[in-house]
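For reference, the structure is listed below as structure tokens.
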Amino acid sequence: MYEPKIIAFLCRWCASAAADLAGVSRLSYPANIIPIVVPCSGRVDPRAIIEAFLNGADGVLIGGCHTPNDCHYISGNFKAFKRIHILKKLLKQFGIEPERIRLEWISATEATKLVQVTKDFVETIRKLGPLAR
Amino acid sequence: MSSNKPKLAIVYGSVCGGCDVSLVNVGEPLADLLTNYDVIYWSIALDGKLHTLEKLERIDVAIYMGPIRTELNMKLAKLIREKADLVVAYGTCAVYGGIPGLGALIKPSTLVETMKSTVTTTPGSEKVVKSMEKEGLKIPPLTNQCLPLSVVVEPDVLVPGCPPAVENVEKLIDILKKYLRGEKPVKGLMLAEPRSLCEECPRRPKDMSKLVIPNIYRLHEAVPKEDKCFLEQGILCLGPITRAGCGHRCIKANMPCAGCMGPVQRVDDVGLKFLSSLASALLADKEKELGEEGLAKLLDKIVDPQGLFYRYTLPTSYLTKLVLKRLRK
Amino acid sequence: MKERIGVFICHCGRNIAGTVDVEKVAEVISKHPQVVHCETYVYMCSEPGQKLIMDAIRNKGLTAVVVAACSTTIHYETFARVVEADGLNRYKLEIANIREQCSWIHINRKEATEKAIRIVLASIAKVSMDEPLYPIKAKVTRKCLVIGGGIAGITAALDIANSGIPVVLVEKSPTIGGKMAMLSETFPTLDCAQCILTPKMAEVARHPNVKILTCSEVISVEGYVGNFKVKILKHPRKVDPSKCRLCTLCERVCPVTVPREFDRGLSTRKAIYIPFPQAVPSAYVVDEEHCTKCGLCVKVCPTKAINLDEKEEIIEEEVGAIIVATGYDLYPGEKLREYGYGVYKDVIDSLQFERLLSSGGPTKGQILRPSDKKPVKRIVFIQCAGSRDDNHLKYCSKICCMYTAKHALLFKERVHDGEVTIFYIDIRAAGKGYEEFIKRVQEEFEVNYIRGKVSKVYRDKNGDMVVIGVDTLSGQKVTVRADLVVLALGIIPQLDRDLASMIKIPVDEYGFAQEVHPKLRPVECVTSGVFVCGAVQGPKDISETVTQASAAAAKVIELLTQEYITHEPTIAEVDKDLCSGCRICIAVCPYGAIEIVEGKAKINEVLCEGCGACVVACPSSAIKLRNYTDSQLINMVKAALTGV
Amino acid sequence: MSRRTITIEPVTRIEGEVKVAIFLNERGEVERAYYQVVEFRGYEEFCKNRPVEDLPRITSTVCGVCSWAHHLASAKAVDALYGRKPTETAAKLREFGYQAHIIDSHLLHFVVLSLPDFALSDAPPELRNIAGLLRRNPELVKKFIESRKILRNIEETFGGKAIHPAFVLPGGVSKKLTRDDVDKLSKLCKDLLDITTYIYEYFIDRILKSKNFNELLYNEAYRLRTYYIGLVDNNNYLNFYDGFVRIIDSKGREVTKFEADKYTDYIAEHAEDWSYSKFPYLKSLGWRGFVEEYICRAGPLARLNVADDISTERAREAYKYMVETLGGKPIHNTIAYHWSRLIECIHASEKMIEFLNDDSILREDIVNTSGSPRYEGVGIVEAPRGLLVHHYQADENFIAREVNIITPTAINNAAINAELQKVASTLIKGFEVPEKILNLVETSIRAYDPCNACATHTLSLLSSRGGITVLIYDNEGRLIEKLHSKPPRLR
């Protein structure tokens, strides 16, 4: 079976903490997800997302704190939201499926959401197939 | 007609002619320069033919204008890099691909279909060409993409601008004069400022407080004011990411910058960078109030991000590379 | 310099090694060109494990260390001390989390091992480009500015002053005391407001650590946490408080009469006046706007305390923290046209009614109606006047249910045969003793509560106020005649926009000051070193206000008792050669840490929290986040994807 | 002897990349000659899905030599699409700036591209150019260089950039003209009229009277009896910016006169697979190949043929003189295109001075923001080279869905080919062809001032069969290079 490669940019305060909690709770999710911990979802540069695609990633997940009030840095999550929104639109114009990028708000307690999201995302990408066909 | 003067060739990709005119427009300094060079090829002004160029073993300076769209363009680009000591990428098309670069990712077959389907084109054209003449009438086929010179070969000097501003053309002429004395510029010299248009924008406010984009208006939705930052009026302007050095001519005409000078020094992909800047500054003070839905609605007013960000630089985008990589596989 | 990286892979007993083939990881990682040392150990965090790291740093001359183990949050500090012990900078350490985010969640050994390798490679990519950094230190000015001299400001000032920290208390009006000073009694205990407030006012006035500036406004704030520079405009009082003996002579000769603000226009005062007898500072004041400068007062003043030519003054203060406690105002009753406020003298607001109730008020506590000074027998209270109304204030003003009940009770105490009708939408009485209080008013004092909305108030031919409304429980139209109508006007924040933008306090959609987090950081503002308390942050009653004021004071004390503020050095930095001064970063920074100086962005090291939002936003790529640069991020991505 | 092919590659002193291929039979007679546009641009496709209000700026780069024409044709198409009639002031400002552009393009073409053929007909090829002209007639070249500065200054006042201007909004222009601008322009326009008059007089005194020019002017090979197409105003006077499209036949009779949005009823395009430019033709005549009687020409001469008169004094006089000299209208002498150009330069210079005396150009109402959108619009202007059509269709969000552009060089494509055949057959006898003769072949092409960037804004048919071979011949017909390329593989 085709195993997609997925980079997950996880914000240090919420999504990465949720991933830690998932570990502590021994909640299993696919190994396709390679985590990269960032200070804030607002630090995730679209350039880095595209770099992931250029280097063989088939999907990119960005996990941040819930809007409107959970961001450790007040509004980094909104910055991420706005950027990803345009980026997806831009990707579409280039003929690349915008579904290959997924932005999710995952609080430090939502280990189960993290698991659900990652499983679901792997399935989505599996259906889309490899980016470079 | 051999001469001891250094040889200069001005060579075209799929040009629009604007670069030629911009060169002619500098007037005396150009006339002055041309007397010091032996101009062997410049098809708009002189009668040198392709075979003359091909026969030469060495050219001193070659100026390339226009994007590479056909195999002939490609051949000439490689030819001048091979023969010329100093290669100048002249104009935005040669440096970044320019507006024709917007067609970089369109399949030639699509282009054919479009041509066939314009409202005035007669379907099923007759043939007047006899089959035996076909061989001699072959046109150079299109390249798969539309590329700037700078992607195909490594130019020595780059002069962005659509077309280059007179001041920068004068700088180039200076460089070519110095070259006569044996001074060669640093490789990859970009005749533009490293920083953005904002630095020299006449609309820079006295009060240097935050720049918030209050909304997004298209040009049919708002009449731009003549003295206020376009972005602060909600009119999308590429000034913050575009190299200065153009004399902010569009701003003077009360039109927002469209980015013809290409991105500032450290940015290699206008779209990926500027979308972040734009998104960040858009309603930065009302994010919580509007929420995701409200913000998304406003962001959707950017109807053509590709055409906005990459109007002049599409072939150099990482997204273009990504698409091509995907197609190659 | 070429990095010499050491990688230490922890088995964590079977926790990691059970799923991840640590030896395989070590084998692959050893081949990395920058890795000069790689080993595994059963418990890297144990004493012997730590010693392995120290030995390797010393023996192999390591310049950077990656520990592949558990979550950063667990042992970062442990390993940071280990590398520091051997002279490495703690920022040359990266933790690769191969336990929580790898071994514990996977079963397939091959997959987990491969993923662990990717995680470690990404950490190597990062650490190889990490710079050694040192904490940022900034001196702290041990003084606090409190803006607003109401109960919130007074409480906070006293708490802080009592801890030994000097306070500058700035009040716009001629006296401190705020809205609370206007109240008669307070719910639910019916303490006399003056009786509990005035001792506090006196205490703060004589406190050696408090400097009170009345008739004053903050006009500029610069600087940052620990180091604010504040300019205060002091309007001329024209009466020297140290000389004024409150003899009233000046007041008697003054020819100018104007409505008295303190009584909300229900009485008058002169152009030279004292707001109320217990005012602090205890002195007269000249109302510059109305004074004709006739000079009569100057002539009669026995202590020569009056100087009509006194000029305004700008006072500069350096403070380390700022508390904003500017309080609230009533929603303008004039906007509620259907209730006739401002049209009929006998339609008054709740604070005016407080003044009627007050024994120090215009009627000495008798309830007389303003139009003809006749005693009031029938009274109607209209709750939610402006609040919970889409056309006016969407929110609940929180305190109106309680004070209206209090008003009803106090009225009935004074006028036993009085008839009280209260129109309400819902009764909200969540608070200690609140519900009981409401019950008591409803039952013991026979107050007629009508659930419904008033549609119109007008005066009939007989001079009666007529209140027309609908009882929403019965659906019946209700008409009530009354001598007096009292509107429980909603409350709005009293926060000048200029002041808010000067101090960089974000406000919510209604103009209330926005705290960082409603639950966890309720008194802090996003601008570090600035705190809020009281009704300027949201509608609240006195007890909540005092609680919040003490909380704000505690945060200030926590901050100002440090000699230095130390700050994480992983912050943003501007490359001036590339910055074009486009001002986008300023809009993006949630901490107001960026300003343009000489055409270039400048980052305040103490205010920057290192979120990186500006780095991504900068169209010139002129900003980098230390130890999280663009190239680091990109190299991490590449390393993670290149993998095995 | 076997068959031979002669190629001229590239055709020089014209705009864009063009090749001429002449096929000779065994006796060394011209069998067929082709004018081949080998440059490719591709605008019609990539303008799709762009916001229509951006198209004036995008399509101005179809051509850098007539960028103003594209900017304004596009602006007019966009106005029509949004249903916004530009305010009177805006229309005047556009037309004012456009006059400068007409002169800009015409003088550049006349002095740099064409004059060497007439003034330096005796010079060797390497001196048959502007540099040679500078030696022979420094005064004229000086005037020309001066005109460049003046024109750039005027164009920048209106359009920001002189080349690829940016100043139109749907229903108007972006920038008001100030009193200071007018003061500056007054001086510039006056000087410009002096220069255009000088160059016109130079032409009348020196070129028109020269033997070699006369030989070409009256040479039967350089004469095509065709239809003509061009814009005229309400009075059937010459107008570059606005009006009705008028078509006359080779006898000068009006065939039709129509408004811009009806153009599809009259014009169609034919495509060939050996050129990146299409071949527009009159629908009523149908496509008959390169046959004189069925061809329609555009450009300066066509304009002066379809117009009844010119509104300004000096230009009118010059116009009358040309018509009289050449024996009445319509004038079929291709070389008279040059003469027409210089008459138009005078007209444009005079017209600018007229605008300066009209105070309404200083009014502040430069944009009309109201109107009911039609989502489709056609804009037609007279580019320096002739009739230019922009035609857009948009969706409800004003995103371009269809873009059609017909350029004057494309309109003249059939005429150029027909004339090439005629000239080549007349001049080339035998396999030895001197350079001078080939230049005379090119001279016929240059008269049209073809602009091939324009012509190839879209793609002609591409060979769909396997690999493509490009044969490169030298001017003696020897095959010197053979390039193989695989067909495009984008899927």
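The values are calculated or read from the model by the stated rules, or taken from the named source; none is laboratory data. This is a predicted model, so every value here is computed, not measured. Quick reminder, even Gly has a Cβ in these numbers, built from the backbone with ideal geometry, and neighbours come from all protein chains shown.
Here is how the numbers come out for the structure above:
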read-out	value
Test set (1) of a type outside the set (Gly, Ala, Ser); (2) in contact with a strand residue (DSSP E or B) (Cβ under 9 Å, 6 or more places away or on another chain); (3) within 30 Å of D:VAL20 (Cβ to Cβ) - B:VAL151 fails condition number	(3)
Answer residue from the range C:600-626, given it is more than 18 Å from C:LEU133 (Cβ to Cβ) and out of contact with any Cys (no Cβ under 8 Å at 6 or more places or on another chain) and is farthest from the other protein chains (Cβ to nearest Cβ) among those	C:LYS602
Residue satisfying condition, being surrounded by fewer than 23 Cβ atoms within 10 Å (Cβ to Cβ) and either aliphatic (A, V, I, L, M) or within 12 Å of chain D (Cβ to nearest Cβ) (or both), within set B:ASP60, B:ASP32, B:ASP20, B:ASP85	B:ASP32
Residue match in the range D:245-259 (condition: within 14 Å of chain B (Cβ to nearest Cβ) and among the polar types (S, T, N, Q))	no
Pairs, first assigned by TED's automatic domain parsing to the domain that holds B:LYS184 and closer than 25 Å to B:THR143 by Cα in the range B:43-68, second among the acidic types (Asp, Glu) and modelled with pLDDT under 90, C-beta under 8 Å, six or more apart	B:SER43/D:GLU17; B:ILE44/D:GLU15; B:LYS49/D:GLU9; B:LEU50/D:GLU9; B:HIS51/D:GLU9; B:HIS51/D:ASP474; B:GLU54/D:GLU481
Complete set of residues in the range A:16-37 that are closer than 18 Å to A:THR124 by Cβ and either in a loop (DSSP other than H, G, I, E, B) or more than 7 Å from every other protein chain (Cβ to nearest Cβ) (or both)	A:TYR29, A:PRO30, A:ALA31, A:ASN32, A:ILE33
Those residues of the range D:1-60 which are under 27 Å from B:THR110 (Cβ atoms) and without any contact (Cβ under 8 Å) to a residue 60 or more places away in the chain, in sequence order	D:LYS19, D:PHE46, D:ASP54, D:ILE58
Of residues in the range B:46-79 being assigned to a loop (DSSP other than H, G, I, E, B) and touching an Asp or Glu at 6+ places or on another chain (Cβ under 8 Å), the one modelled with the highest pLDDT	B:ARG58
Number of positions in the range C:13-49 that are under 20 Å from C:CYS70 (Cβ atoms) and either within 51 Å of the chain's Cα centre (by Cα) or assigned to a strand (DSSP E or B) (or both)	23
Subset of the range D:99-138 (residues that are acidic (Asp, Glu) and farther than 18 Å from B:ALA31 by Cα)	D:ASP104, D:ASP117, D:ASP122
In the range A:38-55, the residues that are facing chain C (nearest Cβ under 9 Å), in contact (Cβ under 8 Å) with a residue 24 or more places away in the chain and over 11 Å from the mean Cα position of the chain (by Cα)	A:VAL38, A:PRO39, A:CYS40, A:GLY42, A:ARG43, A:PRO46, A:ALA48, A:ALA52
D:VAL381 closer than 27 Å to D:PRO56 by Cα, in contact (Cβ under 8 Å) with a residue 40 or more places away in the chain and touching a helix residue (DSSP H, G or I) at 6+ places or on another chain (Cβ under 6 Å)	yes
Those strands (runs of 3 or more DSSP E) lying entirely in the range D:382-491 with at least 3 residues modelled with pLDDT of 85 or more and within 13 Å of chain B (Cβ to nearest Cβ)	D:386-394, D:400-406
Matching strands (runs of 3 or more DSSP E) fully within the range C:419-475 where at least 2 residues are in the same structural domain as C:SER350 (by TED's automatic domain parsing) and of a type in the set (D, E, K, R)	C:448-459
Given (1) farther than 30 Å from B:ILE106 by Cβ; (2) crowded, with 24+ Cβ neighbours inside 10 Å, number of the condition A:LEU90 does not satisfy	(1)
Options C:THR472, C:THR527, C:THR479: the member that is of a type in the set (Ser, Thr, Tyr) and within 11 Å of the chain's Cα centre (by Cα)	C:THR527
Those residues of the range A:1-15 which are in contact with a Cys (Cβ under 7 Å, 6 or more places away or on another chain) and assigned to a strand (DSSP E or B), in sequence order	A:CYS11
Residue ID - nearest to the chain's Cα centre (by Cα), chosen from residues in the range D:118-134 that are part of a helix (DSSP H, G or I) and within 10 Å of chain B (Cβ to nearest Cβ)	D:ILE130
Helices (runs of 4 or more DSSP H) wholly inside the range C:526-638 that include at least 1 residues being more than 28 Å from C:LYS92 (Cα to Cα), at pLDDT 95 or above and touching a Phe, Trp or Tyr at 6+ places or on another chain (Cβ under 6 Å)	C:542-560
Residue in the range B:168-186 that is in contact with a Leu (Cβ under 8 Å, 6 or more places away or on another chain) and closer than 22 Å to D:CYS63 by Cα present	yes
Members of the range A:62-99 found to be facing chain C (nearest Cβ under 10 Å), within 12 Å of C:CYS611 (Cβ to Cβ) and assigned to a loop (DSSP other than H, G, I, E, B), listed by number	A:CYS71, A:HIS72, A:TYR73, A:ILE74, A:SER75
Odd one out for D:LEU24 among (1) more than 7 Å from every other protein chain (Cβ to nearest Cβ); (2) touching a helix residue (DSSP H, G or I) at 6+ places or on another chain (Cβ under 8 Å); (3) closer than 26 Å to B:PRO140 by Cβ; (4) not β-branched (Val, Ile, Thr)	(2)
Scan of the range B:267-294 for residues that are of a type outside the set (A, V, I, L, M, F, W, C) and in a loop (DSSP other than H, G, I, E, B), ordered by number	B:ASP268, B:ASP269, B:ASP285, B:LYS286
Top-ranked residue in the range B:242-300 [being away from chain D (no Cβ under 14 Å), on the phi > 0 side of the Ramachandran plot and not aliphatic (A, V, I, L, M); ranked as surrounded by the fewest Cβ atoms within 10 Å (Cβ to Cβ)]	B:GLY291
Breaking point among (1) surrounded by fewer than 19 Cβ atoms within 10 Å (Cβ to Cβ); (2) in a helix (DSSP H, G or I); (3) touching a strand residue (DSSP E or B) at 6+ places or on another chain (Cβ under 9 Å), for B:ILE175	(1)
Index of the failed condition, A:TRP105 passing every other in (1) of a type in the set (Phe, Trp, Tyr); (2) surrounded by 24 or more Cβ atoms within 10 Å (Cβ to Cβ); (3) closer than 29 Å to C:CYS70 by Cα	(2)
Residues of the range C:158-192 satisfying the condition of being closer than 12 Å to C:VAL210 by Cα, out of contact with any strand residue (DSSP E or B) (no Cβ under 9 Å at 6 or more places or on another chain) and hydrophobic (A, V, I, L, M, F, W, C)	none
